[in-house]
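FYI, it's all coordinate maths here, none of it is from the lab. Treat the numbers as computed from the prediction; the structure is a model and nothing was measured. With ideal geometry, Cβ positions are generated from the backbone for all residues, glycine too; neighbour counts draw on all protein chains shown.
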Ligand SMILES: [Zn+2]
């Protein structure tokens, strides 16, 4: 039993060290990205596209860095780059996909989301959001 714990703790130490090293590499790479785009202007559509990619696909690039690229304040970045449409299986388990538009990075992606078909059917029956009850006998 004691040996199992020792081995498990050893594995935990190794895994934690690996995670810390990976986090250091992520931070270093994010700084390199910030350095590489320093001085670029926000004039062209290409830079707005880049800003959008950085904002949505590279969460380790700080929002102020994206703001500097765009030449806008940090609190305006999400509005300037625009929302992103996200898809996930309907919370009701109906097998359809539910889509919604995330407005900012900070928005939770774990909220319950139902597909438009379930939302319509629920609405017709006056059920609260997130409820999908089959009619009796079906
Ligand atoms: Zn559904």
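With neighbours defined as other Cβ atoms within 10 Å of a residue's Cβ, the residues 114, 28 order from fewest to most as 28, 114.
Okay, helix-only estimate at 222 nm for the chain: each DSSP H run of n ≥ 4 adds -39500 (n - 2.57), divide by all residues, round to 500 deg cm²/dmol; what do you get? Could the numbers behind the result be given before it?
On the way: 5 runs with 72 residues, N = 138.
My calculation for the chain gives -17000 deg cm²/dmol from helical runs alone.
Simple spin-label estimate for residue 5 and residue 32 gives 4.3 nm between the two label positions (7 Å along the Cα-to-Cβ direction from each Cα).
Restricting to Cα pairs below 8 Å that are 6+ residues apart, what does the relative contact order work out to for the chain? Please round to a whole percent. Present the calculation step by step, with values, prior to reporting the outcome.
On the way: 124 pairs, mean separation 19.6, N = 138.
After rounding, I find 14 percent.
Packing, taken as the mean count of other beta carbons within 10 Å per residue, orders the peptides 97-103, 11-17, 76-82 from highest to lowest as 76-82, 97-103, 11-17. Using a cutoff of 8 angstrom between alpha carbon atoms and counting only pairs six or more residues apart, the relative contact order for the stretch 84-125 works out to 38 percent.
For the pair residue 12 and residue 84, a Förster radius of 30 Å applied to the C-beta separation gives a FRET efficiency near 0.25, rounded to the nearest 0.05. Let me make sure I get this right: for the stretch 2-81, a, b and c are the square roots of the gyration tensor eigenvalues over alpha carbons, sorted descending. Under 1.5 in a/c it's rounded, otherwise prolate if a/b > b/c, else oblate. Which is it? The shape class here is prolate. Starting from one equal scatterer on each C-alpha and no solvent at all, send me the Debye-based log10 I(q)/I(0) for the chain at q = 0.22 Å⁻¹, two decimals. The Cα Debye sum returns log10 ratios of -1.20. One decimal place: the segment residue 104-residue 60 gains 14.4 nm when fully extended, by the rule 0.36 nm per residue minus the C-alpha distance.
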